[in-house]
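Each reported figure results from applying straightforward, stated rules to the coordinates on display, with no laboratory input. Small disclaimer: the values here were computed from a predicted structure and weren't measured. Note that each Cβ is placed from the backbone with ideal geometry, even for glycine, and that neighbours are counted across all protein chains shown.
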Amino acid sequence: MRLFRKTKKADTDSKVLVGGGMDGTTVLRPEDTAYNGMPSEDTVLSVRGLRVSFASEAGTVHAVRGVNFDLKRGKTLGIVGESGSGKSVTSMSIMGLLDSNSKVTGSIRYNGEELLTKSDQEMSAIRGKGIAMVFQDPLSALTPVFSIGDQMKEALEIHNPDMSEEDVTARSIELLQLVGIPNAEERLKSFPHQFSGGMRQRVVIAMAIANNPDIIIADEPTTALDVTIQAQVLEVLRKAQKETGAALIFITHDLGVIAGIADDILVMYAGRAVEKAPVDDIFEHPVMPYTMGLLGAVPRSDKGKSGRLVPIPGSTVNLADLPQGCPFASRCPLAVEECRKVEPNLEPITGRVGQFAACLRSDLVVKNHLTFTDVYKVGESTKSIFDGIAREDRNIVLNVNHLRKTFPLTGGGFLRRKIGEVHAVDDVTLDVREGETVALVGESGSGKSTTLLEIMNLASPESGTIELFGQDVGARMSGAERRRLHERIQYVFQDPMSSLDPRLPIYDILAEPLKVLHTSKNDINKRINELMRLVELNPDQVDRFPTQFSGGQRQRIAIARALAVNPKLILLDEPVSALDVSIQAGVINLLEDLQNKLGVAYLFVAHNLSVIRHISTRVAVMYLGRIVESGETEEVFEHPQHPYTKALLSAMPVPDPKVAREQRRVMLQGELPSPTEKIIGCPFASRCPLKITLSTEQQLLCETEPPALDDWGVPGAGLNHMSACHFTNASVSAS
Amino acid sequence: MLKYIVKRCVNYVIMLFVATSMTYFLASAFMDPRSNYMERHPHPPIESINRSLTNANINDQTPILVRYWRWLKGIVLHWDWGLAPDQSSVRQAVGSRIGASVQLVTIATILSIVLGVSIGVYTAIRQYKWQDRVLNMVATFFLVIPAAVLGLFVALIAIWVNTKTGVRIFYVTGLHAYDGGNPFMWFVDFLQHIFLPTIVLLLPSAVGYHLTQRTYLLDTMNEDYVRTARAKGLPLNKAIRKHALRTSLIPTAVNVAFSITGVFTGAVITETVFAINGLGRYFTTTISTNDINGSVCIAAFGGLCTLAGALLADIFSAWLDPRIRLS
């Protein structure tokens, strides 16, 4: 029997049978009842047999296909999955916020009340009061034309129409203080555009907890935020949950974020729950091969590089055209013939309390204690052609000295007078040698991408020098010489969706850089064939268009395009951050293999510290356009010297619940200062946790004198490990 | 804010002065009032033509700068906008027509905004439902139908209604017929006259606002912040009205402001159909009769309307959206 809802007026058909009535009879599809047990006393939300489908041009998209779970009061349920796994659709159907073209069936009961039969009007009495939601992108979640105070007031008044004006203001201030917004009273009058992203997310959380909801649904609440801000917001969310005693549904693709916050975890794949267990069990002994893959495919930020990453082969399924059997079968190393015929249900695992998995091979996995490395084939990495050659003996590919880049700030009016400067890159010095990967890491606005663009510019920088292969790019040179320089340096962008022309077939995309070099048609064909094999794509597919490839494949094409002219240096700007976790590993492996085979050097920009730790040999940490610490990756991660690096590393989410729970985070105060601000002393001084422990005299030094990047004679520090802090020694001994 | 408006107004006065002066030079260069007389058979004596033209300050034998200076002095010192080739005063002609035009245009503009925006919102919320489809079809119909056809059509229906009922409910010509002293009767008479031309002016611009407002609202309706508002507990319709409508009104406000001039001078067909002496008809007459002073006066009036509209649009946008700062 189906329960039916459109977003408009509910279809209160007499045929509708509400699941789980007083007598406990739930009429559902047989496979939906497999999830055992009736909801217990303290269950605030119980979802049974939830199915959501949308009509689309490609056919009916089955976004959610039978999800069951119970949410207990005060507990946190983490829903993990990649894009298209149905996790957000699940949360939106709980809120009743799906588009009107969606078809929802099954049962969602909140405190025993069926939600799916309610009309929009009836649901709005529950939304915000019983169930509240925090969305992914704080920049667009607040109405730009209303003040924060008005929006807070609305959240309170809609459910408490009798509340007096003073009470509303008092409560709003209280809530803003709770989520850690300073000067709450004044900030009520501010508008959203006057807040940073992290601050806006705090406001959204404050609005969500305004009416003490029973359930808070947080849909990727920190994905759009920087690591240090992410740590702050997670802390606020935890505090908000404690204050209200609400149950939390935390949706994310990042297992690291969820490890420290969730009690139970539901792993979703292709619209279904494929594994469900208490958080420790999921991380310690996952059963479903997909869960194993998710956990194993991500590099660990808290541990050194242990070897090659293991990607999950293939790509996610098309929800409009699902194959028969288990949707993961085509990517699963354990799949047998039966997996392709029957889709398994979420069943309890024998011998494991509270763990469920939807896998026909679960008995095999449990019996033989199979782990990630047993299930997935760990590949061999190719030997580097520079193996055994010390770094000092390799040629310098790129040498950047005291690079500066400022952008003028102009005033309004006719003349557009210059009223200030943004110091995007401020005194950056770094070098890259053959066959190595140098990573630039930092939060948004730290100047990483600008540094890359300045190098790519191949022109004399505003200040400082850039040398490529020993040649100053600012020097006068002939067109042919410059072209040769261009040939040896290439760029890979973050988003493979927008960096490849959607109207050019792959052949033309790959041929373009070669045509510029006047390569003959025959050679081009040969080279393209070679390139497609190099990036592990089928050479027969060169006549296809970029949209016909998945995200990971498209990034491979972008890499192939960069490799076409045999460059010696590739600049990579966040090359894997737009990719799903299971795809990421494959691209990282490819990059490593290519480096080993071809000896190409990478300058790699990323904000994801675990990826950096895995791939780079050297790392430079940037803050406000300056390098605050640089050195060999292992050395910097193991023995960070600069207080900012320490804070950054401690804020990093670790995909291990035990470590995450004990992780001591250095909470940074405040926000990144505006880049337009003129900072005389150390740029980090305003947020530095070390500075407040210093004497007044020492603090004065921080505020007036910009520290140089130096090794400061730290005992035991590795070669070339430098930090830009006056009190590096104090910082090192403090840890 | 006040300082900004004052600054803007000073800017606008300068702009208006430059624009009007340029129109004066252009009109003087292109229009040939002498031909009005020369085309007659037999044409009047040259001296008498020259006398008439000089008297109206449009004689092409007088240096242009001298004429310009006289014209400017007349406006600045006496608010005298000069004479038409037939020696009638431009100021009086425009003055008497502005009243009729304002009555006609103001009512039609306000009603068309209210009606168009409301229907736009109504249909946006019901996108692809039957109400939306029907109203869109109606809108397209009125959008493509020429004003003259619509005018005659409306007039015919009114006459049919009048003959069917045997009572003269609608007047199809002029704006006033009652000359008694009863203000109520005067008002009823006015309504009977204004009703038909208002409908003809209103329909095309209302459907225009309907279609654009629908698009603007559909754009903002799916914004994340509308979803946030719903998540707070606002029902769908309220969330849209409160959170999406405001930002979507900004482009409409700008449209309205810049359409004011067009409405004044563009009502010419409606004015012709319903025999109303308005600015639109005057505008075409000035051009066809080589009336330099008259057409410059209309251009100045149009410029004034545009600039006033621009200022209103700025103020209205700033009021709607706090991110826009007037400074």
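Some points to look at:
- A cut-off of 5 Å between modelled amide H atoms, ignoring neighbours fewer than 5 places along the same chain, links A:Val134 with A:Ile217, A:Ala218, A:Asp219.
- Listed by Cβ neighbour count within 10 Å, with the fewest neighbours leading, B:Phe170, A:Phe250 appear as B:Phe170, A:Phe250.
- Mean projected area of the Cα convex hull of the protein assembly as shown, taken over all directions, amounts to 59.8 nm².
- Neighbour cut-off at most 13 other Cβ (10 Å), DSSP loop, trypsin sites (Lys or Arg not before Pro), the stretch A:344-378: A:Lys377
- Comparing B:Gly233, B:Gly280, B:Gly180 in a Gaussian network model of chain B (Cα springs below 10 Å), the most mobile by mean-square fluctuation is B:Gly180.
- Relative to the longest principal axis of the Cα atoms of chain B, helix B:147-165 runs at roughly 80 degrees.
- CD proxy at 222 nm, helix term only [per DSSP H run n ≥ 4: -39500 (n - 2.57); per residue of chain A; nearest 500]: -9000 deg cm²/dmol
- Distance violations [Cα-Cα > 29 Å] among A:Lys377/A:Lys597; A:Lys597/A:Lys646; A:Lys341/A:Lys367; A:Lys75/A:Lys377: A:Lys597/A:Lys646; A:Lys75/A:Lys377
- Dipole magnitude for the stretch B:91-320: about 820 debye, using +1 per Lys or Arg Cβ and -1 per Asp or Glu Cβ, origin at the Cα centre.
- Each residue in A:Cys326, B:Cys305 was given a count of other beta-carbon atoms within 10 angstrom of its own, and listing them fewest first yields B:Cys305, A:Cys326.
- For the stretch A:390-395, Karplus couplings with θ = phi - 60° (6.51, -1.76, 1.60), whole Hz, Gly/Pro x: 5, 4, 5, 8, 8, 6
- Karplus-derived 3J(HN,Hα), 6.51/-1.76/1.60, for each residue of the stretch A:225-239, Hz, glycine and proline x: 10, 6, 4, 5, 6, 4, 4, 4, 5, 4, 4, 4, 5, 4, 5
- Residue exposure proxy: B:Arg8, A:Arg626, ordered by other Cβ atoms within 10 angstrom of their Cβ from fewest to most, comes out as B:Arg8, A:Arg626.
- Structure remark: mean-square fluctuation, Gaussian network model of chain B, C-alpha springs under 10 Å; the largest value among B:Glu39, B:Glu271, B:Glu223 belongs to B:Glu39.
- Gyration tensor (alpha-carbon) shape descriptor, chain B, a/c threshold 1.5: oblate
- Unit charges at the beta carbon, dipole of chain B: most positive-side option, B:Pro85, B:Thr123, B:Ser101: B:Thr123
- Sparsely packed loop sites in the stretch B:1-92 (the chymotrypsin sites (Phe, Trp or Tyr not before Pro) outside DSSP H, G, I, E and B with at most 12 other Cβ atoms within 10 Å) comprise B:Trp79.
- Around A:Ala734: net Lys/Arg minus Asp/Glu count, Cβ-Cβ under 14 Å: +3
- Projected label points at A:Ser444 and A:Lys383, each 7 Å from Cα along the beta carbon direction, are separated by 4.5 nanometres.
- Rounded to the nearest 20, the Cβ-based charge dipole of the stretch A:644-734 about its Cα centre (Lys and Arg +1, Asp and Glu -1) stands at 420 debye.
- Part-to-part distance (alpha-carbon centres) for the stretch A:617-657 and the stretch A:165-190, which is given in Å: 35 Å
- Tilt relative to chain A, helix A:165-178 - C-alpha long axis, 0 to 90 degrees, to 10: 50 degrees
- Nitroxide proxy distance, nm - points 7 Å out along Cα→Cβ at A:Arg391 and A:Ser478: 3.8 nm
- Put simply, the stretch A:591-638 fits an ellipsoid with semi-axes of 21, 12, 10 Å; these come from the alpha carbon gyration tensor as the roots of five times its eigenvalues, largest first.
- Spin-label model, A:Val342 to A:Ser498: label points 7 Å out along the Cα-to-beta-carbon direction sit 4.8 nm apart.
- Annotation for the stretch A:168-241: trypsin sites (Lys or Arg not before Pro) lying in DSSP loop with at most 16 further Cβ atoms inside 10 Å of their Cβ are A:Lys189.
- Only one residue of A:Gln121, A:Asn608, B:Gly174 has its Cα farthest out toward the positive end of the dipole of the protein assembly as shown, where Lys and Arg carry +1 and Asp and Glu -1 on Cβ, and that residue is B:Gly174.
- Between the C-alpha center of the stretch B:2-34 and that of the stretch B:238-315 there is a gap of 17 Å.
- DSSP loop GluC sites (Glu not before Pro) with at most 16 other Cβ within 10 Å excluded, longest remaining stretch of chain A: A:58-379
- Whole-Hz couplings from phi, Karplus 6.51/-1.76/1.60, listed for the stretch A:478-486; x for Gly and Pro: 6, x, 5, 4, 5, 5, 4, 5, 4
- Amide H contacts under 5 Å for A:Gly66: A:Leu50, A:Arg51, A:Val52, restricted to partners 5 or more places along the chain or on a different chain, H placed in the peptide plane at 1.01 Å from N.
- Dipole moment magnitude, nearest 20 debye, chain A about Cα centre, only Lys, Arg, Asp, Glu C-beta charged: 1340 debye
- Tensor-based shape of the stretch A:644-734 (alpha-carbon gyration tensor, a/c under 1.5 rounded, otherwise prolate or oblate): oblate
- Pairs of lysine residues in chain B - Cα separation under 26 Å, sequence separation of 8 or more or cross-chain: 4
- For the options B:Ala56, B:Ala275, B:Ala29, a Gaussian network treatment of chain B with springs between C-alpha atoms closer than 10 Å singles out B:Ala29 as fluctuating the most.
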